[in-house]
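Take a look at the structure below.
Readers should treat all values here as calculations from the given coordinates under stated rules, not as data from a laboratory. Computed from a predicted structure; not experimentally measured. Here the Cβ is made from the backbone with ideal geometry for all residues, glycine too, and neighbour counts use every protein chain on show.
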Amino acid sequence: MEKRGLSFELDPRDAAVQEEARRLGEKVAPFAAEADASSRVHEGVRAALRDSGLAGLMVPAAYGGRTESVDPLLVCLVREALMAASSHVDSLFALQGIGSYAITLAGTDAQRERWLPRVARLDSLAALALTEENAGSDLKAVSTTVTEKDGRLVLNGRKTFISNAGAADFYLTLAREGEGLSMVLVPAETPGLSVTPSPELLAPHVLGDLEFGGVEVGRDARLGPPGGAMKLVLSTLTVFRVSVAGAALGLAAGALGEAARHAARREQFGRPLVRIGPVAQLLADAWTDVEMVRLLTYQAADAARRDPAAALNRSSMAKVAATEAACRVVDRCVQVMGRWGLIAGSPIERYYRQARPMRVYEGASEVLKLGIARELCAR
């Protein structure tokens, strides 16, 4: 991304990938409402994403991917375009990276060769199993255990609210091993692993709980050294956290587009809504939020492209700013549209429901702000 003063211009390759994502969004638009209302993988969305080849951005070129390494800016740009069209396609795309990145970092050659090309082609769906009943933001509270027995790894415990559960072909599972935490690759068909539905969310999502009842895998299923999983989790966050900001940006921009079209066409008191002062203020504030967030998100993603670890704090800022702004923007847009913003199943109603969870997952705003404040005061 070329820097010109305080503006940011995408280079031709980045812009071309962004355009690919917009075309995919247009392709899934006719069935986006159906897909976004589903808690199962929508096969039409999966087929469209597979045909686009965009999932290849989540895997290094050595294993069938499109870039030498996973590029945070490209992932961010794609999520921005996809979330504006459908939360379902955005989630399906994002989880291919979030659920496989630890294999890229710490998998054996055999694991990389088995799984990563399938992830790139969308032949296999990935999942990252971190959270538990009493372990959300506080991953040190994880109680699922992994022990070594007769040269095998044995897992026992329960994971909750796991994205792609029931649809994924493998689960990268965080488990306690001795005094530390380890990451274990568990294929979905492994005996002793069962899946039950999680409670339905206000914005439907492919989600489930995992039960590990004496699940046995080979010792080489552990990714990295025993007790070394937090480094893998942190590395995943350094690459993918800023992409949540990209998705929130796309959602906010999509909602603003709906409200702006309505305000330009709808007349009240003998003139278009946009010429009524309070409505104009709502739209102007929303657009200002969107453009401020775009600048911070693109800047953070560009920094993550160059040095993901060094950019994590800025990625956290972008995630907080974008998800908080998305809620403000969508709320203003509903207000602009009046009763037309309250119709169940309409695009603006979907945006409204989809915006709220984004302030919670992949780092709740309040938790991220603690880290941001510590970084500020340590300078």
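I'd like the FRET efficiency for D220 and V360, computed as 1/(1 + (r/R0)^6) with the beta carbon distance as r and R0 of 30 Å, rounded to 0.05.
0.30
For the pairs K149/K231; K231/K319; K140/K319; K27/K231; K27/K140, note any where the Cα-Cα span goes beyond 31 Å.
From K149/K231; K231/K319; K140/K319; K27/K231; K27/K140, over 31 Å: K27/K231; K27/K140.
What base-10 log of the normalised intensity I(q)/I(0) is obtained for the chain from the Debye formula, alpha carbons as equal point scatterers, at q = 0.10, 0.11 Å⁻¹?
Listed by q, the Debye log ratios stand at -0.63, -0.76.
Helix 72-85 versus the longest principal axis of the chain: what angle, 0 to 90°, nearest 10, using Cα atoms?
60
What length, rounded to one decimal in nm, is gained on full extension from K231 through to R265, with 0.36 nm per residue of separation minus their alpha-carbon distance?
Length gained, K231 through R265: 7.0 nm.
Looking at the square roots a ≥ b ≥ c of the eigenvalues of the Cα gyration tensor of segment 131-215, which shape do they give, rounded for a/c under 1.5, prolate if a/b is larger than b/c, or oblate?
Oblate is the answer for segment 131-215, as a/c is 1.5 or above yet b/c matches or exceeds a/b.
Where Rh denotes the Kirkwood radius from the mean inverse Cα pair distance, what is Rg over Rh for segment 281-379? Please report the intermediate quantities before stating the final value.
On the way: Rg = 15.5 Å, Rh = 14.7 Å.
A ratio of 1.05.
To the nearest 500 deg cm²/dmol, what mean residue ellipticity at 222 nm is calculated for the chain from DSSP H runs of n ≥ 4 alone, each contributing -39,500 (n - 2.57), summed and divided by the residues?
-17000 deg cm²/dmol
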